[in-house]
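The structure appears right after this line, and notes come after that.
The values are calculated or read from the model by the stated rules, or taken from the named source; none is laboratory data. All values reported here derive from a predicted model rather than from experimental measurement. Glycine gets a Cβ as well: all are built from the backbone with ideal geometry, and neighbour counts include every protein chain shown. Just the protein is used for accessible areas: all its heavy atoms, side chains included, with ligands, DNA and RNA removed. Shrake-Rupley method; radii C 1.70, N 1.55, O 1.52, S 1.80 Å.
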Amino acid sequence: MGSPTGRAPQLAPPPRERRHTLFFLEAIRDFSPVFLDTEIDATRLLADRERARADGLRRSVAGYVLVAAGGVLARHPEANAAYRGGLRPRLARFSTVAGKITLDRTLDGTRVVLSTVVPEPHTAGLAEVQRRLDRVRDGDPAELPEFAGIRALHSLPWLRGRWRFARAARDLTLRPLITGTFAVTSLGHRPVDGFHSVGGTTITLGVGRIVERPVVRDGAIVAAPVLRLSLAFDHRVIDGAEAADVLAEIREALQEWPAPAGAPDRPQADARSAR
């Protein structure tokens, strides 16, 4: 049968600029994801953002999540890990924590998802994490060195690029550099409440928007800014109880922000060092 309009659809290869996404989706087909979610009273987090803004500093929600999750994953080595299946399955437990953050960018005229990895975000501190995020957010992805590998992948023939990506994805020693040891992805800048995604890591955090919702405080219902946060975990690596502990501790860290005095992710200390 012909198309409803009587015109044949236009057929063409997918844009080169999206090849890395297609290769990535093939590489994670053997994941066994399970999804959790929670709500976070973001009152203190937003108050901290306002204090930073008064000092001329930008703070993104994704930056807070990267710092908080980095500290939690450092305390949960079972979740700071990766699995490779096949005839000789292997489980890698990483000695470092690295957070991957996804970005909505335009590369050579095509809207794409790009990502960058922030090493040890919980010890780098919020100011340094935000500096890295601002760099990849504001820079030209066609020029930034962080995306040189992806640009090189796009220049290869389809089969060769696919093979090279698959080979790198199976190398567990490269995971902290390429995909991080956990991932954060956000659609909170749009009217999206919940966001569930698999980021190629054992733990992937999906960040939704912050909106006023009813919460109970001291037995009374009041309005408060609430952040929806989801967690996808690879069931081959950890079980639900461990994943629930990770999500609960991230929730606590964000809901009780800032960290105690002297902690490396304390935003007031970061603000001073950034001046």
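Hey, can you tell me all the residues within the stretch 125-141 that are assigned to a helix (DSSP H, G or I), touching a residue at least 12 places away in the same chain (Cβ under 8 Å) and not β-branched (Val, Ile, Thr)? Quick ask: steps written out before the conclusion?
Initial filter on the stretch 125-141 (assigned to a helix (DSSP H, G or I)): 126-138.
After this cut, where a residue has to be touching a residue at least 12 places away in the same chain (Cβ under 8 Å) as well, the list is 126-134, 136-137.
Within the stretch 125-141, 126, 127, 128, 130, 131, 132, 133, 134, 137 qualify.
Only residues that are charged (D, E, K, R), in contact with a Phe, Trp or Tyr (Cβ under 9 Å, 6 or more places away or on another chain) and without any contact (Cβ under 8 Å) to a residue 60 or more places away in the chain were counted across the stretch 33-58, and they come to 1. In summary, residue 115 fulfils each of the numbered conditions (1) out of contact with any Asp or Glu (no Cβ under 8 Å at 6 or more places or on another chain); (2) open to solvent by 60 Å² or more (accessible area, probe 1.4 Å); (3) within 28 Å of residue 151 (Cα to Cα) with the single exception of condition (2). The set of residues in the stretch 113-124 that are of a type outside the set (Asp, Glu) and either assigned to a strand (DSSP E or B) or at positive phi (or both) comprises 113, 114, 115, 116, 117, 118, 119.
Please enumerate the residues belonging to the stretch 89-122 that are in contact (Cβ under 8 Å) with a residue 40 or more places away in the chain, among the charged types (D, E, K, R) and touching a strand residue (DSSP E or B) at 6+ places or on another chain (Cβ under 6 Å). Within the stretch 89-122, 90, 100 meet the criteria. Where in the stretch 147-261 are there strands (runs of 3 or more DSSP E), lying fully within it, with 2 or more residues that are open to solvent by 20 Å² or more (accessible area, probe 1.4 Å)? In the stretch 147-261, the matching strands (runs of 3 or more DSSP E) lie at 203-217, 220-234. Among residues of the stretch 198-216 that are at positive phi, none has a Cβ under 8 angstrom from a residue that is assigned to a strand (DSSP E or B) and of a type in the set (S, T, N, Q) at a sequence gap of 6+ or on a separate chain. Selection of the stretch 187-203 for residues being touching a Lys or Arg at 6+ places or on another chain (Cβ under 9 Å) and not aromatic (Phe, Trp, Tyr) yields 187, 188, 189, 190, 191, 192, 193, 194, 199, 200, 201, 202.
For beta carbons closer than 8 Å, sequence separation of 6+ or different chains, a first residue in the stretch 7-32 that is modelled with pLDDT of 90 or more and a second that is open to solvent by 60 Å² or more (accessible area, probe 1.4 Å) and among the aliphatic types (A, V, I, L, M), the qualifying pairs are 21/113.
Remark: residue 269 falls outside the filter, which requires a residue to be part of a helix (DSSP H, G or I), closer than 28 Å to residue 124 by Cβ and modelled with pLDDT of 95 or more.
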